[in-house]
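What follows is a short report on a single structure.
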């Protein structure tokens, strides 16, 4: 099998994100669903990737899978057909990060994070084509460079001209003091802005109150159309990120 540039991009995506649905890979890399299925089948036969039926793991962590099926609007017999794609066993074994996030306990988060990533890209890629996303292992390797050891690693980091913007995906409310601690760390961190993409308005309201003292922190609903912060109210995605302002502050030509 000859590995194409697109195959390499698919492998890199699965390395960074752990798992993906065929619909997500099709939308990102292929002109049609049929072309996607044919190529993924070839990559599976070559051992580069593997497909796993979600239903085969539903008894392992039952509390995770019903919400996943509901989120993906998969009902009845269609559930039995739903598969996730991940790196082949040999490739996963070489990369601890990919091995971890490709396990069933992370599937729901990673699959939804794929959609968040696509939406964020839609806002940033056209205007800032030189920007790029970092994966977890990239960020952990840079802890020494930026002195960020001990600060949580964001779900997504987008870098443009050496300025970093963080994105977190939140489905459920956790411990209140834990959020305050996280917001405080982010406020002191290298990240120019931090956007929490949340599941619903109730969650956004609760979190935004906790972030009153942290102007770097903003919140957006899952569709990512605008960002709300206590300091500025509702703004467009690019207005909140204020990328040109940060470039000017760093003395970088816009």
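The values are calculated or read from the model by the stated rules, or taken from the named source; none is laboratory data. It should be emphasised that the depicted structure is a prediction, and the values quoted were computed from it without experimental measurement. Cβ sites come from the backbone with ideal geometry, for glycine too, and all protein chains shown count toward neighbours.
Do the conditions hold for residue 180, that is, is it touching a helix residue (DSSP H, G or I) at 6+ places or on another chain (Cβ under 8 Å) and buried (at least 19 other Cβ atoms within 10 Å of the Cβ)? Here the answer is no, as residue 180 does not meet what is asked. Taking residue 83, is it in contact with a strand residue (DSSP E or B) (Cβ under 6 Å, 6 or more places away or on another chain) and either loosely packed, with under 12 Cβ neighbours inside 10 Å or modelled with pLDDT under 90 (or both)? Judged against the criteria, residue 83 is a match. The listed residues are 171, 159, 140, and the only one of them that is in the same structural domain as residue 219 (by TED's automatic domain parsing) and modelled with pLDDT under 80 turns out to be 140. For the stretch 167-176, the condition holds for at least one residue, the condition being that it is within 25 Å of residue 248 (Cα to Cα) and in contact (Cβ under 8 Å) with a residue 24 or more places away in the chain. A single entry from 75, 57 fulfils the requirement of being over 20 Å from the mean Cα position of the chain (by Cα), buried (at least 17 other Cβ atoms within 10 Å of the Cβ) and either at pLDDT below 95 or closer than 20 Å to residue 115 by Cβ (or both): 57.
Taken over the stretch 197-254, residues that are assigned to a loop (DSSP other than H, G, I, E, B), without any contact (Cβ under 8 Å) to a residue 40 or more places away in the chain and farther than 17 Å from residue 167 by Cα amount to 8. Applying the criterion of being part of a helix (DSSP H, G or I), farther than 19 Å from residue 94 by Cα and touching a residue at least 40 places away in the same chain (Cβ under 8 Å) to the residues of the stretch 1-44, the residue that is farthest from the chain's Cα centre (by Cα) is 42.
Scanning the stretch 45-54 finds one or more residues that are in a strand (DSSP E or B), modelled with pLDDT under 95 and more than 26 Å from residue 2 (Cβ to Cβ).
If the condition is being under 21 Å from residue 96 (Cα atoms) and either outside the structural domain of residue 43 (by TED's automatic domain parsing) or surrounded by fewer than 16 Cβ atoms within 10 Å (Cβ to Cβ) (or both), then the stretch 8-30 contributes 8, 9, 12. Within the stretch 76-100, residues that are over 19 Å from residue 110 (Cβ atoms) sit with their Cβ atoms under 7 Å from residues that are at pLDDT 80 or above and surrounded by 12 or more Cβ atoms within 10 Å (Cβ to Cβ), at 6+ positions apart or across chains, in these pairs: 90/47.
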